[in-house]
Amino acid sequence: MLKKVAILANGGDVSGFNAVIRAIVKTAEQNNVECYGFIDGYRGLLKNEYIKLDTYNTASGILPKGGSIIGSSTNANVFNYKVEENGQVVYKDLSDKCVQNIKDDGFECLFTLGGDGTQKSARDLSLKGINVIGVPKTIDNDVACTEITFGYNTAVSVATDAIDRLHTTGETHHRIMVLEVMGRYAGWIALESAIAGGGDIALIPEIPYDINKAADKIKERVKKGKKFSVVVVAEGAAPKDGTISIEATRDNGVGVDNTKLGGAGIRVAKELEKLTGLEARNTTLGYMQRGGTPTAFDRVLSTKYGAKAMQLALEGKFGVLAVIKDGKLDEVSLEDVVGNNKKIGAVSGNTAESNIRKVNMDHDLVKTARSIGICLGD
């Protein structure tokens, strides 16, 4: 019988982290299993820093709370960890230390709450003999093998509210209102929020855009009496024969994505202003999409995911990711999630080997957007 398990939350924060933690803990308590949480994701696992979790103290009242009560880390690749030796920065595989910590602590299962990079490291730990169960988290909705990730619905809701607000300003001042939303390699947020908010143009990473096509859409609207337009741009959107907008390059080691995106919305606003003669203003929504109270949908989804993950542990099904398939809870092998990204330590998405879930041109959202006249820049 399972007696002692641990949870870690990793990657960018999302609304729903705490709801998953709560569901795992509550399901564990129903089955007399002790729960612990590593502090700050994989970094806490490496440092062996953790706390006891229970629904009467540490994990109480957290269902509506954003963020993660056990923190998270965005750049802790334990298979290629940044350390300083003799005044020089070097990278080391410290995963064996993590494995030893788990064994010494007596944890019989590790729940990894995170996106594609988090689950890649989870798969790599499973190869070292650790019982791992993943839960798919990311506002970008790009984890492979599942239909939806927790945190995504809240991000879309925030973006939709922003579009509603930008509509009134655009209509009042006859402007082009550009909203830059998150979405490094997948345009789910931009596409769905544009549909929900009545956007006129949606530019996503999967479709290299022709800015002239977007300008033509705006000019067409002006001819028909609409003197304003709303444009939704994913941060990873790029023009045809162009590149994504990069604000800075970080040094967090090999195997992680060191590019800090930024400026896609500003670039689109400037170009559209030049091509149409209308004033254009950009709003970058940024971290507003990540924080705050999760929607009711995300609370329920997160709870379902957490309960399912704990049930999988009780059944002895390890090395898997809890997923939604055909609208129902299910599980898939972490090997399937990783796809061809087999190299130990390489965790970043959008490589030829990565298996992240992007918007398919046959998806209903794309068909719907085109049907109602949303310009996708192609």
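In segment 1-38, the residue that is modelled with the lowest pLDDT out of those that are in contact with a helix residue (DSSP H, G or I) (Cβ under 8 Å, 6 or more places away or on another chain) and part of a loop (DSSP other than H, G, I, E, B) is G11. Where strands (runs of 3 or more DSSP E) fall wholly inside segment 45-124, the ranges with 2 or more residues that are modelled with pLDDT of 95 or more and surrounded by fewer than 19 Cβ atoms within 10 Å (Cβ to Cβ) are 50-53. When you look at A144, is it in contact with a Leu (Cβ under 6 Å, 6 or more places away or on another chain) and surrounded by fewer than 24 Cβ atoms within 10 Å (Cβ to Cβ), yes or no? Considered against the rule, which asks whether it is in contact with a Leu (Cβ under 6 Å, 6 or more places away or on another chain) and surrounded by fewer than 24 Cβ atoms within 10 Å (Cβ to Cβ), A144 comes out as no.
Please list, ordered by first then second residue, the pairs with beta carbon atoms under 8 Å, 6 or more apart or interchain, first in segment 226-239 and assigned by TED's automatic domain parsing to the domain that holds N212 and surrounded by 24 or more Cβ atoms within 10 Å (Cβ to Cβ), second at pLDDT 95 or above and among the polar types (S, T, N, Q). Here the result reads V232/S193, each pair linking segment 226-239 to a residue that is at pLDDT 95 or above and among the polar types (S, T, N, Q). Only one of the listed residues (T149, T160, T154) is surrounded by fewer than 24 Cβ atoms within 10 Å (Cβ to Cβ) and among the polar types (S, T, N, Q). That residue is T160. Listed by position, the helices (runs of 4 or more DSSP H) inside segment 141-249 whose residues that are within 25 Å of H363 (Cβ to Cβ) and either of a type in the set (F, W, Y) or at pLDDT below 95 (or both) number at least 1 are 152-173, 188-197. Looking only at segment 271-282, decide whether some residue is closer than 21 Å to T118 by Cα, of a type in the set (G, A, S) and touching a strand residue (DSSP E or B) at 6+ places or on another chain (Cβ under 6 Å). Among the residues of segment 271-282, not one is closer than 21 Å to T118 by Cα, of a type in the set (G, A, S) and touching a strand residue (DSSP E or B) at 6+ places or on another chain (Cβ under 6 Å), which makes the answer no. Once segment 192-225 is narrowed to residues that are basic (K, R) and touching a residue at least 24 places away in the same chain (Cβ under 8 Å), the residue that is farthest from H174 (Cα to Cα) is K213. Residue check: V222 meets all listed conditions (1) farther than 30 Å from V90 by Cα; (2) buried (at least 20 other Cβ atoms within 10 Å of the Cβ) but one, namely (2).
When the residues of segment 331-375 are filtered to those that are under 16 Å from E206 (Cβ atoms) and among the basic types (K, R), the one that is surrounded by the fewest Cβ atoms within 10 Å (Cβ to Cβ) is K367. Taking segment 212-244, which residues are in contact with a helix residue (DSSP H, G or I) (Cβ under 9 Å, 6 or more places away or on another chain) and polar (S, T, N, Q)? Selection gives N212, S229.
The values are calculated or read from the model by the stated rules, or taken from the named source; none is laboratory data. Quantities reported herein were computed from a predicted structural model and do not represent experimental measurements. Positions of Cβ are generated from backbone atoms using ideal geometry, with glycine treated the same way; all protein chains shown enter the neighbour counts.
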